[in-house]
Amino acid sequence: MSDHNIDHDTSVAVHLDVVVREPPMYRVVLLNDDFTPMEFVVELLMHFFRKTAEQATQIMLNIHHEGVGVCGTYPREIAETKVAQVHQHARTNGHPLKCRMEPS
């Protein structure tokens, strides 16, 4: 047997310029209607948007007085999920509550 000591440099230097961008954000908003009870809206905000009772009440009052209230701002997929959850929960409970997402 012979002792062959061959060094092979197998490392490759790669330089990448990677720009990491934050995902586009979307506001999830609830729209006022004349049929959905205020208490239902407050409970929904606490459950699906993790708002405190105080925060949920303030958003509900904005919806009632201004016609719209911002529930939160999320990346697109999460905003879509929140809108679907709100619609499903409202329909299951017999309420016509409308929810939408809009670019932030």
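At a glance:
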{"item": "Where the chain is the region considered: accessible area per residue in Å², 1.4 Å probe", "result": "75"}
{"item": "Geometric extent, Cα atoms of the chain - Rg, Dmax (angstrom)", "result": "25.1, 92"}
{"item": "Tilt relative to the chain, helix 76-92 - C-alpha long axis, 0 to 90 degrees, to 10", "result": "30"}
{"item": "Portion, in percent, of the accessible area of the range 13-80 that falls on carbon or sulfur, probe 1.4 Å", "result": "55"}
{"item": "Exposed-site-free run, longest, the chain (rule: trypsin sites (Lys or Arg not before Pro); DSSP loop; at most 12 other C-beta within 10 Å)", "result": "51-104"}
{"item": "J(HN,Hα) series, the range 65-75, from Karplus relation 6.51 cos²θ - 1.76 cosθ + 1.60, nearest Hz, glycine and proline x", "result": "8, 9, x, 7, x, 7, 8, x, 10, 9, x"}
{"item": "Positive dipole terminus of the chain, leading residue within T52, A84, V68 (C-beta point charges)", "result": "V68"}
{"item": "The chain, helix-only ellipticity at 222 nm - DSSP H runs n ≥ 4, -39,500 (n - 2.57), divided by all residues, nearest 500", "result": "-13500 deg cm²/dmol"}
{"item": "In degrees, nearest ten, helix 38-49 long axis to first principal axis of the chain (Cα)", "result": "10"}
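The values are calculated or read from the model by the stated rules, or taken from the named source; none is laboratory data. These figures come from a predicted structure and were not determined experimentally. Counting neighbours? That spans all protein chains shown, and the Cβs are built from the backbone with ideal geometry, glycine included. Accessible surface areas use protein heavy atoms only, side chains included; no ligands, DNA or RNA. Shrake-Rupley method; radii C 1.70, N 1.55, O 1.52, S 1.80 Å.
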